[in-house]
Amino acid sequence: MSLTEKLTLEEIRRKRPSKYAGLEEGVISLGLAESDFEMPKEVKEAMISAILEGRYHYEMDGVVEFLEAAMDKLSRFNGISAGKEEILPTVGAMNGIWLAYRILLKPGDHVIVVTPSYPALIGRPKSLQAEVTEAKVRKDGHLDLAVIEKAVSSRTRMITICNPNNPTGTVYTKDELEQLAEIAIRHDLYVLSDELYENLTYDGRKHVSIASLPGMRERAITLFGFTKTYGMSGLRIGYVVAEREIIRKMKDENTGIVIHPGTVEQIGAAAALKKCDYYIDFLKNYLEKVRNRLVAMLSETPGVTISPPEGAFFAFPNLIPLFENDKDAVEYLLKEARVLVHGGSGFGEGGAGHVRINFCSPLEIIEEAANRIRSALIKRHDAIGLKNKSLGNIV
Ligand SMILES: Cc1ncc(COP(=O)(O)O)c(C=O)c1O
């Protein structure tokens, strides 16, 4: 099955039990951040060969072909020159989030997290008794550098960003990242940059890794992954890139928890990096069309405010004034539209009132979901008798 041979809703439902758990027949699940496409055949073949050849034992220092493929991709795509000792394979990006906070924070430290953002990036420092300040982004989803600067205190240890952003899709520009880097350097801070969606940027935008900017190589901890764009969320594999001493400490810590991510997974991920640029190019072009269709359909819906996402695979419309809060919006859409979406409140400040819609799915499925959402929201709009009869807004 290639990316062009798209799965039907029934097949997707069967192959993604978590995404469809507890949902009635006919419901479209766009809540979980997961791709509905098959992973590249090269990844499957590499993993099958690894098993047949007996390559499934401990490889304590990381699978060499994975580290080499990551080094090559980092220099080619991210402009980061890293040696093997500066890369740590992890059990998904989640493992990297935990390790970064665990190694760099002590109780009482302060972290600035740019929000809305992926919940673990906001929540994990708190479990280490570190304090978190959320730096809400501007209305257009880009960094509010004045808010970030104002949040810095003598206890601040790091600033966390997610670029491209989950849930807003914002892709930070080189210019704003340079300004963020200037703040980090001036205050001697680390920057934790989650770049899981690095491959998905639309309208010709380029992904910029903050670690590639002058003075940032030693202070950036960058998280990369495969789970989303290569459609392999259950193969728990990702990697962290940071300065050698930080990686050494992370590796020691991980040895006591998981030892290392699967050898077979690392071999599959190496194939993704070495052989599957074509897959990423195809997916990105395809998703740009899906995004355009979804945004066009929702922006014609009264009461909906939506910005075309610049990257990743989420739309994040604001549904206030149609609902009092996003929890009500999620419940309503599940019941009336039979589409499951994700409430925005969980993504921190700036998320409330929004819902996150995952559009990493065949166009036909997203069109069907968007039609159902639009009809349900028009019904809602008419039922509550909103005075403002205007069409929705693109901002
Ligand atoms: C921004 C971000 N970081 C990390 C993760 C965790 O990813 P993984 O499945 O690779 O552990 C996710 C999953 O949704 C995510 O969206």
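The values are calculated or read from the model by the stated rules, or taken from the named source; none is laboratory data. Given the structure is predicted, the values throughout are model-derived calculations rather than measurements. Note that we place each Cβ from the backbone using ideal geometry, even for glycine, and neighbour counts take in every protein chain shown.
Some observations on this one:
- Scanning the stretch 1-19 for residues being closer than 16 Å to residue 366 by Cβ and either buried (at least 18 other Cβ atoms within 10 Å of the Cβ) or within 21 Å of the chain's Cα centre (by Cα) (or both) gives a total of 8.
- Taking the stretch 307-331 as the range and being assigned to a loop (DSSP other than H, G, I, E, B) and more than 26 Å from residue 286 (Cα to Cα) as the test, the residues that pass are 319, 320, 321, 322, 323, 324, 325.
- Looking only at residues in the stretch 113-131 that are at pLDDT 95 or above and more than 16 Å from the ligand (Cβ to nearest atom), the one that is surrounded by the fewest Cβ atoms within 10 Å (Cβ to Cβ) is 129.
- The stretch 229-273, residues that are under 23 Å from residue 166 (Cβ atoms), of a type in the set (D, E, K, R) and surrounded by fewer than 24 Cβ atoms within 10 Å (Cβ to Cβ): 236
- For the stretch 218-260, taking the residues that are under 22 Å from the mean Cα position of the chain (by Cα) and charged (D, E, K, R), the one that is farthest from residue 37 (Cα to Cα) is identified as 219.
- Any pair with Cβ under 8 angstrom, 6 or more apart, that starts in the stretch 93-122 at a residue that is more than 19 Å from residue 352 (Cβ to Cβ) and ends at one that is modelled with pLDDT under 95 and within 11 Å of the ligand (Cβ to nearest atom): 93/227
- Restricting attention to the stretch 180-198, the residues that are assigned to a loop (DSSP other than H, G, I, E, B) and either surrounded by fewer than 22 Cβ atoms within 10 Å (Cβ to Cβ) or not assigned by TED's automatic domain parsing to the domain that holds residue 132 (or both) add up to 3.
- Pairs, first within 16 Å of the ligand (Cβ to nearest atom) in the stretch 202-230, second part of a helix (DSSP H, G or I) and of a type outside the set (A, V, I, L, M), C-beta under 7 Å, six or more apart: 209/78; 223/96; 225/92; 227/92
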